[in-house]
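Worksheet: the structure to be examined is printed underneath.
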Amino acid sequence: QVQLVESGGGLVQAGGSLRLSCAASGSIFSINTMGWYRQGQGKQRELVAAITSGGSTNYADSVKGRFTISRDNAKNTVYLQMNNLKPEDTAVYYCNAWVVTTASWRRNEYWGQGTQVTVSS
């Protein structure tokens, strides 16, 4: 199967920066879109940013100009650089990937375990 392991969350003051990383491993043939979602307390999970294998990106309006998503296809890793963080960015951030595995040869969706990002005012 496929595992997504996230790192880089933590506590930061408003205006600060954090960089999240998510590495995919397992029976991977190819990875299509990778992305980051977040879920604040009492809120629904929402898309933060996504990137295709070709490098096309998509951002939530609330993070445009502050967050940058990138990926290293050779390392099966996606990154989220978060600058000028605001208290409303506080949430659990989840890595997401659509992966074709050598086990099924079908595209399936996978999620990481989540990493907490807390922004203090």
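Most fluctuating residue of Arg106, Arg38, Arg71 in a GNM of the chain with Cα springs under 10 Å: which is it?
Comparing Arg106, Arg38, Arg71 in a Gaussian network model of the chain, the most mobile one is Arg106.
Which residue, Ala50, Ala74, Ala60, tops the fluctuation ranking in a GNM of the chain built on C-alpha contacts under 10 Å?
Looking only at Ala50, Ala74, Ala60, the biggest GNM fluctuation is shown by Ala74.
Enumerate the calculated ³J(HN,Hα) couplings along the range 16-24 in order (Karplus 6.51 cos²θ - 1.76 cosθ + 1.60, θ = phi - 60°), each rounded to whole Hz, writing x wherever the residue is Gly or Pro.
Going residue by residue, I get x, 9, 9, 10, 9, 10, 9, 10, 9 Hz, with x marking Gly and Pro.
Where the accessible area of the range 1-100 is counted over protein heavy atoms with a 1.4 Å probe, how much of it, in %, is carbon and sulfur?
Details: 2230 of 4920 Å².
That fraction is 45 percent.
Which whole-number percent gives the relative contact order of the chain, counting Cα pairs below 8 Å spaced six or more residues apart?
Values: 312 pairs, mean separation 43.5, N = 121.
It rounds to 36 percent for the chain.
To two decimal places, what compactness ratio does the chain give when its Cα radius of gyration is scaled by 2.2 N^0.38 Å?
1.04
Enter the accessible area per residue of the chain (Å², integer; probe 1.4 Å; all protein chains in place).
On a per-residue basis, 52 Å².
The values are calculated or read from the model by the stated rules, or taken from the named source; none is laboratory data. As the structure is a computational prediction, the values presented were derived from the model and not from experiment. Protein only, heavy atoms only, side chains kept; ligands, DNA and RNA dropped before computing areas. Shrake-Rupley method; radii C 1.70, N 1.55, O 1.52, S 1.80 Å.
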